[in-house]
Amino acid sequence: MLTCFDWGFALAVLGMGCLGVLTIYSANALTASPFRQVLHLRQLTWLALGLIALLLACTVSYRNLARFAYVIFGFNVALLLVVLVMGKTGMGAQRWLRIGPFAFQPSEFMKLSLVLFLARYFDDRRELLRQPKTMLLPAGLTLACALLVLKQPDLGTALLLLFNATAIMLMLGLRWQHLLPFAIGGGVLAPILWTFLKDYQRRRLLVFLNPDLDPLGASYHIAQSKIAVGSGGAFGKGWLAASQSQLNFLPMNHTDFLFAVLAEQWGFAGSLLVLLVYVYLITRGFQIAVDSTAFFASLLATGITCTLAVQVFINVAMVLGMLPVVGVPLPLLSYGGSSMLVTMLSLG
């Protein structure tokens, strides 16, 4: 294991995780909230558990993952159904299941479970990949999972599942023309999907089109995020000097908008360095996919890398105001136990 262990990849992952802990501490250094004062310690715990999960994942053969892919996916779908019935509610959303003192988000684990399912499904049908009908079942199941997640409500993860599945299908050779029926179906279902959204989610989409619509309400998050990013300048204000986030002008500064805190502290140069590390991880992931001799392993690496790339793109674009606020955390950096564990398992 040590001879084939990718130390550069592992050090990049560890470095990003440590940077996330330090940034979470900095963002909440001046807070009076007892809960937020210990967020960095909780994140440090999740980082340690995540590293253990990463190392354990390295010891699992891809053949065993392929063997149990359908079981893992089915179990995760069942958990999504359980969430709708007896899930723990927090911040207006019913996304968590509690086991003793721990709470976790099944929707986060669905990111990995869906990739496992798609890799096994297409591996079993590699001779039929050029036929559009081969895509019907995975497309339908992906949409069903996205609707279950949207019902919680979790718009960001629902969109992420759809984007990931589409990216994998396109990489398998599905032509854009074959996506046309799905696009038409999505357009027809759009009014129905709109009814799944909560009022605050609808307002976020509307203010993205017109930022001046509600500057002190739905537009407040993105307005403060842009101020934080812009105030960082070229080289930032320095660690523990991000006034925009430390003085609580920037909401959700430890989760969805952590990149804005980074930009305020370290400026354009620091933000660019973080993005370059992500580029390295994504490039290395696709390289692993290309080098894999087994079709399932190649698809699995492709799907995991697509998940990482799409999630980073959505979060950064959201922070910069290029996309609506949909609630997608920044992998390895944003606070969250479920997100950290799933990311580490995937990268392992």
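Of all residues in the range 331-348, those that are more than 19 Å from Tyr280 (Cα to Cα), in contact with a Pro (Cβ under 7 Å, 6 or more places away or on another chain) and surrounded by 24 or more Cβ atoms within 10 Å (Cβ to Cβ) total 1. Scanning the range 124-144 for residues that are part of a helix (DSSP H, G or I) and hydrophobic (A, V, I, L, M, F, W, C) returns Leu128, Met135, Leu136, Leu137, Ala139, Leu141, Leu143, Ala144.
The set of residues from the range 227-249 being under 24 Å from the mean Cα position of the chain (by Cα), within 24 Å of Leu41 (Cα to Cα) and without any contact (Cβ under 8 Å) to a residue 40 or more places away in the chain is empty. For Thr255, the stated conditions hold: it is polar (S, T, N, Q), part of a loop (DSSP other than H, G, I, E, B) and either in contact (Cβ under 8 Å) with a residue 40 or more places away in the chain or surrounded by 14 or more Cβ atoms within 10 Å (Cβ to Cβ) (or both). For the range 213-252, filtered to residues that are among the hydroxyl-bearing types (Ser, Thr, Tyr), assigned to a helix (DSSP H, G or I) and within 27 Å of Gln311 (Cβ to Cβ), the residue that is modelled with the lowest pLDDT is Ser245.
In the range 196-218, the residues that are within 19 Å of Asp154 (Cβ to Cβ) form no Cβ pair under 7 Å with any partner that is loosely packed, with under 14 Cβ neighbours inside 10 Å and at pLDDT 75 or above, whether six or more places apart or across chains. Taking the range 86-101 as the range and being out of contact with any strand residue (DSSP E or B) (no Cβ under 7 Å at 6 or more places or on another chain) and in contact (Cβ under 8 Å) with a residue 60 or more places away in the chain as the test, the residues that pass are Gly92, Ala93. Cβ-Cβ distances below 9 Å connect the following pairs, each with a first residue in the range 265-281 that is closer than 12 Å to Gly236 by Cα, a second residue that is aromatic (Phe, Trp, Tyr), and a separation of six or more residues or different chains: Gln265/Trp239; Trp266/Phe235; Trp266/Trp239; Gly267/Phe235; Phe268/Phe235; Ala269/Phe235; Gly270/Phe235; Ser271/Phe259.
The single condition from (1) surrounded by fewer than 22 Cβ atoms within 10 Å (Cβ to Cβ); (2) under 20 Å from the mean Cα position of the chain (by Cα); (3) under 26 Å from Ser113 (Cβ atoms) that Phe295 fails is (2).
The rows are residues; the columns are (1) under 19 Å from the mean Cα position of the chain (by Cα); (2) in contact (Cβ under 8 Å) with a residue 60 or more places away in the chain.
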position	(1), (2)
Val21	yes, no
Leu39	no, yes
Ala48	no, no
Ile52	no, no
Tyr62	no, yes
Ala66	no, yes
Tyr70	no, no
Leu84	no, yes
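The values are calculated or read from the model by the stated rules, or taken from the named source; none is laboratory data. Remember, predicted model here, so these are calculated numbers, not experimental data. Backbone-built Cβ (ideal geometry, glycine too); neighbour counts: all protein chains shown.
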